[in-house]
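Have a look at the structure below before the remarks.
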Amino acid sequence: MIKVENLQKTFGSHKVLNGINVVVQPQEVVVVIGPSGSGKSTFLRCINLLETITDGHVLIEEVDITDKSSNINKVREEVGMVFQHFNLFPHKTVMENITLAPLKVRGIPEQQARSKGMELLKKVGLEDKAEAYPDSLSGGQKQRVAIARALAMEPKIMLFDEPTSALDPEMVGEVLEVIKQLAREGMTMVVVTHEMGFAREVGDRVIFMDGGLIIEENKPREIFENPQHERTKAFLSKVL
Amino acid sequence: MDFRFDMIIEYSPYLIKGTLLTIGLSLAGILIGTVLGLFIGLGKMQRRRLLAWPFVWYITFFRGTPLFVQILLIHFGVVPMLIGQTNGIVATIIALSLNAAAYIAEIFRAGIQSIDRGQMEAARSLGMTHVQAMRYVILPQAFKRMIPPLGNEFIVLIKESSLAAIVATPEIMYWGRVMAGKYYRVWEPYLTAAIIYLILTISLSFLLNILERRLKTE
């Protein structure tokens, strides 16, 4: 579903990604962990080309997005993304946030977009907030709306970029719960996170990144209980 | 000191006409200046330096030289070149629009660049094109932030339209000067003009306040 080949990324003279190779299967939940500055967010953002790619290839369902002739907007319709800082549109209501892209990009009728929106709001437990503006919501509520907004495009893949890092501790749970439910429904996901408990519980596979490289990848139980590399051990000893 | 209200009454038909012309010149300047300003602001924001260069110089020129000089150049130079004769109203509208556009371009640029990068990223991640993201996500938010500085610019524009008197455009200040010349008096014509400008600018800021409150989202 996602195939990353020898992905490299430099910012100026600083090399952030030094050749990443990953294949994500349909319905798989891949969790990426690693110290800050390890390139894990950059890696995620390359998957939908929010970062320009210096070298290598990223294929989404066989479409090479590094090929200039491929239509990145079409690919992005199928790849939902949830950001650390939510990035809700503050001038639009919760419902408008959710329906904007389906209306303007997919061109579906308003009635249909709204009922789909309502369905998604129920799913994330916020059906009473449809007409509220983002500024009146808590962090956890904002992030759940952001997830609903991404889901409204009916993506085949969801990317999560540290979805709980900007939240107060007591709100982390409600957001993780929504992501877990998506995992149970079989959504293909790549999740960058610092929540080790979540990685262990939900991940089909955990990738440990450091210095722009994948140091180790394995089943969660293996990586947490029996890490092979020194750097993985050092990192896990600090965060567990 | 006596204050000759009869003078003002005598000139009131001209002052009213002058006021209407000032309003017309200002509106034309605001409208043309805003459209042109958006275009120039976007031009300056282009990533390719060479394409942005003419817009940068446009802003540098119109912001860096006095409007007074620009009006004279346009009235006696540019307009005769274009239509074969001078025309105070046309020259004033052109000068005010071109001058305001330079300032408005910077207001647009600042407004757009003040919107968090995450907004564009979120819009693009949903499959929107750059143009759609601008239209539905960035510009509506930027516009709200631009209202106060735009209001400022519009008020400046109303006041600076008084410079048109120098090329005999019959707006408020022109009639003020005519009155002053005829009666050799200072207070009546200039105070009257000042009060009319004050009424215009206060009305405008009142309207902008209403607009700003309407667009609040809480």
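Data table
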{"quantity": "Dipole of the range B:5-215 [Lys/Arg +1, Asp/Glu -1 at C-beta], most positive-end residue of B:Ser97, B:Leu215, B:Gly77", "calculated": "B:Leu215"}
{"quantity": "Charged-residue dipole, Cβ positions (Lys, Arg, Asp, Glu), the range A:133-198 about Cα centre, Debye nearest 20", "calculated": "260 debye"}
{"quantity": "Local electrostatic count, A:Met95, Cβ distance below 13 Å [Lys/Arg +1, Asp/Glu -1]", "calculated": "0"}
{"quantity": "Label-point separation in nm, B:Leu207 to B:Tyr14, each point 7 Å along Cα→Cβ", "calculated": "2.7 nm"}
{"quantity": "Cα centroid separation - the range B:125-142 against the range A:88-158, whole Å", "calculated": "16 Å"}
{"quantity": "Farthest positive-ward along chain B dipole, Cα basis, beta-carbon charges - from B:Gly118, B:Leu20, B:Asn152", "calculated": "B:Gly118"}
{"quantity": "Separation of alpha-carbon centers, the range A:13-77 and the range B:1-35, rounded to whole Å", "calculated": "63 Å"}
{"quantity": "Positive-end residue of A:Gly39, A:Ser115, A:Val24, charge dipole of chain A with Cβ unit charges", "calculated": "A:Ser115"}
{"quantity": "In nm, spacing of pseudo-spin labels at A:Arg221 and A:Gln111 (7 Å Cα→C-beta vector)", "calculated": "5.1 nm"}
{"quantity": "Convex hull volume per residue for the protein assembly as shown, taking Cα atoms only, in Å³", "calculated": "205 Å³"}
{"quantity": "Average Cα contact separation per residue, the range A:89-154, under 8 Å, 6 or more apart, as relative contact order %", "calculated": "48 percent"}
{"quantity": "Per-pair calculated FRET efficiency, R0 = 41 Å: A:Met118 and A:Lys3 via Cβ, rounded to 0.05", "calculated": "0.70"}
{"quantity": "Selection of trypsin sites (Lys or Arg not before Pro), the range A:33-92, meeting DSSP coil and at most 10 other Cβ within 10 Å", "calculated": "A:Lys68"}
{"quantity": "Selection of GluC sites (Glu not before Pro), the range A:110-185, meeting DSSP coil and at most 10 other Cβ within 10 Å", "calculated": "A:Glu131, A:Glu185"}
{"quantity": "Selected from B:Leu72, B:Leu98, B:Leu191 as most flexible by GNM, with chain B as the system and alpha-carbon contacts under 10 Å", "calculated": "B:Leu191"}
{"quantity": "Cα-centre dipole for the protein assembly as shown with unit charges at Cβ (Lys and Arg positive, Asp and Glu negative), debye to 20", "calculated": "1060 debye"}
{"quantity": "Chain A, relative contact order [Cα under 8 Å, separation at least 6], %", "calculated": "27 percent"}
{"quantity": "Over chain B: helical MRE at 222 nm, DSSP H runs n ≥ 4 each giving -39500 (n - 2.57), nearest 500", "calculated": "-26000 deg cm²/dmol"}
{"quantity": "Equivalent ellipsoid semi-axes - Cα gyration tensor, chain A, angstrom", "calculated": "30, 22, 15"}
{"quantity": "Sum of -39500 (n - 2.57) over DSSP H runs of 4+, divided by residues of chain A (222 nm, nearest 500)", "calculated": "-10500 deg cm²/dmol"}
{"quantity": "Dipole in debye (nearest 20) - the range B:5-215, about Cα centre, beta carbon charges: Lys, Arg +1; Asp, Glu -1", "calculated": "780 debye"}
{"quantity": "Other-chain or far-sequence residues with amide H under 5 Å of A:Met209's (modelled H)", "calculated": "A:Ile33, A:Gly34, A:Ile215"}
{"quantity": "Neighbour cut-off at most 11 other Cβ (10 Å), DSSP loop, chymotrypsin sites (Phe, Trp or Tyr not before Pro), the range B:120-218", "calculated": "B:Tyr184"}
{"quantity": "Summed residue charge, Cβ within 9 Å of A:Lys156's Cβ, Lys/Arg positive, Asp/Glu negative", "calculated": "-3"}
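No lab work stands behind these numbers, since they all come straight from the coordinates. Computed from a predicted structure; not experimentally measured. Cβ atoms come from the backbone with ideal geometry, glycine included; neighbour counts cover every protein chain shown.
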